[in-house]
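Peer 1: Pasting a structure here, questions to come.
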Amino acid sequence: MPAQPANLTPWARSGLALLCILLAVSVGVRIYAYRKSESVTAVWEAADTPVDLGEGVLLSRSVALQRSVQVGLCRTPVSVDFVPASPYAPDPSLVGAPQPNDHVFYVYRGWNLGNLAAATSLNVIYFARRAYARLAMQKNPAADDLAVKIIIPAGCDVSADKVMIVLRSNLRQPPSSALSAAPRP
């Protein structure tokens, strides 16, 4: 003899109906947000999102390449690389190939993350920004971010903050001033 299914109580029926309504509203809001963002996404992706170096200095991604920065009394220049701030990108520790006694620092949006567990800090920042973007139904702002990897040679006693100050001042100077200062034959 087959058993008959138990009837739902009025509270269970109203709870199930409420869950179905919330699911429908959630799907509707996501469809609306997706359709609205299609036109904005094309403009966002076409734009060259700049690299934020802190203190209001933005660098175009097209010129965010490896640089050598001469700082203070250091005999050899400091190497500055731009690495993706995403756990899905290549390992940032492999970029730049520091020597065994060199000091390595990471700077993200002007924040000096230090050298111990900097990759973990970048991952935490990435996931926090991604979670906020999901909750606010925005494009992931951390997907295209770059962090600055600074390799200070051994024997050079300078801080990462000092390197960033010199880098920012070098980027603020117009490149034509160096050309105009050169003597003409």
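Peer 1: May I ask you to list the residues in the range 120-134 that are basic (K, R) and under 12 Å from D145 (Cα atoms)? Spell out how you get there, then give the answer.
Peer 2: Taking the range 120-134 as the starting set, the residues that turn out to be basic (K, R) are 129-130, 134.
Listed by number, the residues that qualify are R129, R130.
Peer 1: Please enumerate the residues belonging to the range 9-58 that are over 26 Å from V148 (Cα atoms), part of a loop (DSSP other than H, G, I, E, B) and at pLDDT below 80.
Peer 2: none
Peer 1: Still on this structure, I have one more. Please verify whether the range 73-93 includes one or more residues that are in a helix (DSSP H, G or I) and modelled with pLDDT under 80. Give the derivation first.
Peer 2: Taking the range 73-93 first, the residues in a helix (DSSP H, G or I) are 92-93.
Checking the rest, the ones that are also modelled with pLDDT under 80 come to 92-93.
Yes; the residues of the range 73-93 include at least one that is in a helix (DSSP H, G or I) and modelled with pLDDT under 80.
Peer 1: Shifting gears a bit: Filter the range 51-66 down to the residues that are open to solvent by 70 Å² or more (accessible area, probe 1.4 Å) and in contact (Cβ under 8 Å) with a residue 40 or more places away in the chain and list them by number.
Peer 2: The answer is E55, R61.
The values are calculated or read from the model by the stated rules, or taken from the named source; none is laboratory data. Since this is a predicted model, take the numbers as computed values, not measurements. Cβ: placed from backbone, ideal geometry, glycine included. Neighbour counts: every protein chain shown. Side chains are part of the model used for accessible areas, which takes the heavy atoms of the whole protein and leaves out ligands, DNA and RNA. Shrake-Rupley method; radii C 1.70, N 1.55, O 1.52, S 1.80 Å.
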